[in-house]
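Read the structure below first, then the notes.
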Amino acid sequence: MEQYSAEVALASQASLGEGPLWDSQHQALWWVQILEGLLHCYDPATHSNQTHDIGQMVGTVVLRNRGGLMLALHHGFAAFDPRTETLEMIADPESAQPENRFNDGKCDPAGRFWAGTMHLDPQQHTTGALYSLDAEGQVHKRLDQIGVANGIVWTADSRTMYYVDSMRPTIDAFDFDLATGAISNRRPIYTVPETLGTADGMAIDEQDRLWVAFFGGGSVLCIEPREGTIVAQIELPVSNVTACSFGGSELDELYITTARLGLDEAQQAAEPHAGDLFVARPGIRGRDWPRYAG
């Protein structure tokens, strides 16, 4: 198994950093602090970080074809223009469930925005669901009874979707219909040992291998999904690793978000970089994330 290290890109000290997304047009990384409702744009060329206060918890961010961004928030899907800081709510499929919030998500190769929800107390509830927002603004429920909706990626041929519900002990694959967005034939491709922590956000590389962040496990692992084996590891000096995204001009850098959430004072003292944004160079290229088509 190949071993890689990561270095601090930004000393952000986030309580719950998440949702990294590389913007190739601007050569910058979007990421979020969920609990504070903050959206960030990190410029690695200048090591600067611009912050937008969204006003409610923000689970993830994607780019939009027409410009600007789409967000998955506590109260639904929204469009956001970072130049004017204008927020436009698009759809709230769980308006009757204010105890739920949106968490992770990304766009599929056809430009649908997929994002899932979770209860504010996920240890006690599995009331979350997985939705897709199509280009016309219509919402479709794809899965229900989710604990913590997390990483989601698609293969280069668009025929397989990989998905993480962090309250399940497996990383799962689905057959994917690009034309309709339908998913079927759910099956586990990797069973997570308790010693690794909890599977969280993930990215996919040019060889269709998964790079999965492990909350409580202090690492990002590269999983070969066709064989269900770990082929590479990025060790981090923090326990709670939340998500990752390939970036850089050659898409050969892996940006990794982390969290201070869940650490007591002694653990925070032992992990001074908990909550920081990291970058690793694992010797493989990723792919650009698709943009929302609407």
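Expressed as a whole percent, how much of the Cα-Cα distance distribution for segment 75-197 exceeds 24 Å?
The share of Cα pairs beyond 24 Å in segment 75-197 comes to 29 percent.
Below 11 angstrom from the Cβ of Tyr292, what's the summed charge of the other residues (Lys, Arg +1; Asp, Glu -1)?
Details: positive: Arg64, Arg66, Lys106, Arg112, Arg291; negative: Asp108, Asp134.
Local net charge: +3.
To one decimal place, what orientation-averaged projected area in nm² is obtained for the convex hull of the Cα set of segment 161-294? Each step should come with its number before you reach the end.
Numbers: hull surface 37.4 nm².
Reported value for the Cα convex hull: 9.3 nm².
To two decimal places, what compactness ratio does segment 2-280 give when its Cα radius of gyration is scaled by 2.2 N^0.38 Å? Could you put the intermediate results ahead of the total?
Values: Rg = 17.2 Å, N = 279, 2.2 N^0.38 = 18.7 Å.
Normalised by 2.2 N^0.38 Å, the Cα Rg of segment 2-280 equals 0.92.
DSSP loop trypsin sites (Lys or Arg not before Pro) in segment 36-135 with at most 15 other Cβ atoms within 10 Å of their Cβ, which ones?
Values: sites: Arg64, Arg66, Arg83, Arg101, Lys106, Arg112; in loops: Arg66, Arg83, Arg112.
The qualifying sites are Arg66, Arg83.
Which whole-number percent is the relative contact order of segment 2-280 (Cα, under 8 Å, 6+ apart)? Let's see the in-between values first.
On the way: 790 pairs, mean separation 49.4, N = 279.
Relative contact order, segment 2-280: 18 percent.
Using label points projected 7 Å from each Cα along Cα→Cβ, tell me how many nm separate Thr126 and Glu2, to one decimal.
Label-label distance for Thr126 and Glu2, simple model: 3.6 nm.
How far is the Cα center of segment 28-74 from the Cα center of segment 90-114, in Å?
Taking the Cα centre of each part, segment 28-74 and segment 90-114 sit 16 Å apart.
Counting DSSP beta bridges in the chain, what percent are antiparallel, to the nearest 5?
Details: 93 of 98 bridges.
Counting DSSP beta bridges with both partners in the chain, the antiparallel share is about 95 percent.
Add -39500 (n - 2.57) for each DSSP H run of 4 or more in the chain, then divide by its residues: what number comes out at 222 nm, to the nearest 500 deg cm²/dmol?
Numbers: 1 runs with 6 residues, N = 294.
Roughly -500 deg cm²/dmol at 222 nm, from the helical runs in the chain.
Quick one: net charge of Ile34's neighbours, Cβ under 11 Å, K/R +1, D/E -1? Kindly include the intermediate steps, with their values, before the conclusion.
On the way: positive: Arg101; negative: Glu18, Glu36, Asp104.
After counting each charged neighbour, the total is -2.
For the chain, set up a GNM with springs between Cα atoms under 10 Å and report which of Asn240, Asn185, Asn103 has the largest fluctuation.
Comparing Asn240, Asn185, Asn103 in a Gaussian network model of the chain, the most mobile one is Asn185.
FYI, it's all coordinate maths here, none of it is from the lab. Source: prediction; values computed, not measured. Please note: Cβ atoms are built from the backbone with ideal geometry, for glycine as well, and neighbour counts cover all protein chains shown.
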